[in-house]
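Participant: Mind having a look at this structure? Questions to follow.
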Amino acid sequence: MSAPCAVRPPLSPRRPAAARRYSRRLSALAAVLLLSSAATGCVTVHGRTALIPSVSKADARKALARFVSVGNRANIKLDPSLNSQVESGPMYTVDESYIRGQHTLHPNGNPQYKPLVLTDTRLLIPRQVGWPKWFVADTGENRDNGRWILVFTHSAAARPWTVSYLVATGAGADPDFATDRQGYAEPVPSAGTSLAVQPGELGARYAAYLHSGTGAAAFAPGPATTGARAERRAQLRPQQGVATQFADETGDPKRYPAVAVRLTDGGALVFFSSQTQREQTIASGTLKVTDQNVTAQLTSPVHKSITEYTFTEEGAEVPPAGAKGGAAVRFLAQISQLIDARGA
């Protein structure tokens, strides 16, 4: 049973003119509200138009528990249809491809899978207007004693919460999230910010850097940047009659929108995605593919060449423009997965 709405006591019969004018305005406003009220007579605040918390803490914890439960079943059964119930966006693209490939190799599932357990969870809930809405769960895990930072996304009121991004950090590498006096996290828009790189542009900037080194000053050295470029240069050298080519692009911004949350230094943790295409061609003979993870994703036979498509979800700390020590993007983590392979 819902609680009754609060009723204001009537004004005193002896009211000055200003009070009477105020009363008339109040009565007009009440009439408008009555037209929009539910059957109970209460006014409902809609997330489509009002600035409200994206989720209650109770519902956030339910979404987290559902993600763990369904995700564990998906990994034990190797059933990618289960992933779609609790995942979306970049995380679903990564996990669906992985589990689909593993199901090809192990059609009876993986009964030895160690169930995921999340502990010591901190919820970062922003206040937002409209859809989609999101919140972040910063939680411990039983994989390698690090932290998982999960972005839960809600595309509409009737839709379930799903995880769209995962960033796995090592112990002690957790970012320092900012909150306001009420404890709410601060969402950062995709454009028009004071960050060194706009969140909505980060995927394209990173793809350009990987492909040609463009904009190197925007990225701090590390495995995802200078290390990835060095590894790629080694592969680009012709070896044993095999030529390799790369192409890079950002994840589709409509299908995989970036999410950014403010950090205490004025920067932001940005969740985004990218895709790499690698083509290998043999000069003579037939190209042999021995990696089972690749053959499990093949959609056409390999003769002279193979093209592999790798999708990556990533999280990076983007500093404010002009930050001390340089305004370089620092990657926290990446999760890459081969999502398609085509022979020719």
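Participant: Answer yes if at least one residue in the stretch 146-160 is open to solvent by less than 10 Å² (accessible area, probe 1.4 Å) and at pLDDT below 95, and no otherwise.
Facilitator: Yes, some residue in the stretch 146-160 is open to solvent by less than 10 Å² (accessible area, probe 1.4 Å) and at pLDDT below 95.
Participant: Can you tell me which residues in the stretch 148-195 are more than 18 Å from the chain's Cα centre (by Cα) and closer than 17 Å to Gln85 by Cβ?
Facilitator: The one that is more than 18 Å from the chain's Cα centre (by Cα) and closer than 17 Å to Gln85 by Cβ: Ala158.
Participant: Still on this structure: Across the stretch 105-140, what is the total count of residues that are of a type in the set (Lys, Arg) and touching a Lys or Arg at 6+ places or on another chain (Cβ under 7 Å)? It would help to see each step written out before you state the result.
Facilitator: First, the residues of the stretch 105-140 that are of a type in the set (Lys, Arg): 114, 122, 127, 133.
Adding the requirement that they be touching a Lys or Arg at 6+ places or on another chain (Cβ under 7 Å) leaves none.
Number of matching residues: 0.
Participant: Please tell me if Thr276 is among the hydroxyl-bearing types (Ser, Thr, Tyr), assigned to a strand (DSSP E or B) and over 25 Å from the mean Cα position of the chain (by Cα).
Facilitator: no
Participant: Return the pair list, or none, for Cβ contacts closer than 8 Å from residues in the stretch 300-328 that are farther than 19 Å from Thr250 by Cα and touching a residue at least 40 places away in the same chain (Cβ under 8 Å) to residues that are surrounded by fewer than 18 Cβ atoms within 10 Å (Cβ to Cβ) and among the acidic types (Asp, Glu), at least 6 apart or on different chains.
Facilitator: Pro319/Asp265; Pro320/Asp265; Ala323/Asp265
Participant: Taking the condition at pLDDT 95 or above, surrounded by 13 or more Cβ atoms within 10 Å (Cβ to Cβ), among the basic types (Lys, Arg) and outside any loop (DSSP other than H, G, I, E, B), does Arg232 pass?
Facilitator: Values: at pLDDT 95 or above: no; surrounded by 13 or more Cβ atoms within 10 Å (Cβ to Cβ): yes; among the basic types (Lys, Arg): yes; outside any loop (DSSP other than H, G, I, E, B): yes.
So Arg232 does not fit the description; no.
Participant: Hey, another quick one. Considering only residues of the stretch 164-212 that are open to solvent by 60 Å² or more (accessible area, probe 1.4 Å) and of a type in the set (S, T, N, Q), which is farthest from Asn142 (Cα to Cα)?
Facilitator: Filtering the stretch 164-212 for residues that are open to solvent by 60 Å² or more (accessible area, probe 1.4 Å) and of a type in the set (S, T, N, Q), the one farthest from Asn142 (Cα to Cα) comes out as Ser212.
Participant: Ala74 - would you say it is outside any strand (DSSP E or B) and crowded, with 18+ Cβ neighbours inside 10 Å? Steps first, answer last, please.
Facilitator: On the way: outside any strand (DSSP E or B): yes; crowded, with 18+ Cβ neighbours inside 10 Å: yes.
Taking the combined requirement at face value, the residue satisfies it.
Participant: From the list Gly101, Gly89, pick out the single residue that is buried (at least 20 other Cβ atoms within 10 Å of the Cβ), in contact (Cβ under 8 Å) with a residue 40 or more places away in the chain and either among the acidic types (Asp, Glu) or within 13 Å of Thr162 (Cβ to Cβ) (or both). I'd like the intermediate steps shown before the answer.
Facilitator: Details: Gly101 fails: either among the acidic types (Asp, Glu) or within 13 Å of Thr162 (Cβ to Cβ) (or both).
Sole residue among the options that is buried (at least 20 other Cβ atoms within 10 Å of the Cβ), in contact (Cβ under 8 Å) with a residue 40 or more places away in the chain and either among the acidic types (Asp, Glu) or within 13 Å of Thr162 (Cβ to Cβ) (or both): Gly89.
Participant: Right, something else. Could you check Ala327 against (1) among the small types (Gly, Ala, Ser); (2) open to solvent by 40 Å² or more (accessible area, probe 1.4 Å); (3) in a loop (DSSP other than H, G, I, E, B) and say which number it fails?
Facilitator: (2)
Participant: Pick out the one residue from Gly285, Gly267, Gly325 that is modelled with pLDDT of 95 or more and not hydrophobic (A, V, I, L, M, F, W, C).
Facilitator: None of the others qualify; the one that does is Gly267.
Participant: Given the residues Gly322, Gly285, which is the only one that is open to solvent by less than 50 Å² (accessible area, probe 1.4 Å), on the phi > 0 side of the Ramachandran plot and in a loop (DSSP other than H, G, I, E, B)? Working first, answer last.
Facilitator: On the way: Gly322 fails: open to solvent by less than 50 Å² (accessible area, probe 1.4 Å).
So the residue among Gly322, Gly285 that is open to solvent by less than 50 Å² (accessible area, probe 1.4 Å), on the phi > 0 side of the Ramachandran plot and in a loop (DSSP other than H, G, I, E, B) is Gly285.
The values are calculated or read from the model by the stated rules, or taken from the named source; none is laboratory data. Everything quoted here is computed from the prediction, not taken from an experiment. FYI the Cβ positions are ideal-geometry reconstructions off the backbone, even for glycines, and counts take in every protein chain you see. These accessible areas exclude ligands, DNA and RNA; they are computed on the full protein's heavy atoms, side chains included. Shrake-Rupley method; radii C 1.70, N 1.55, O 1.52, S 1.80 Å.
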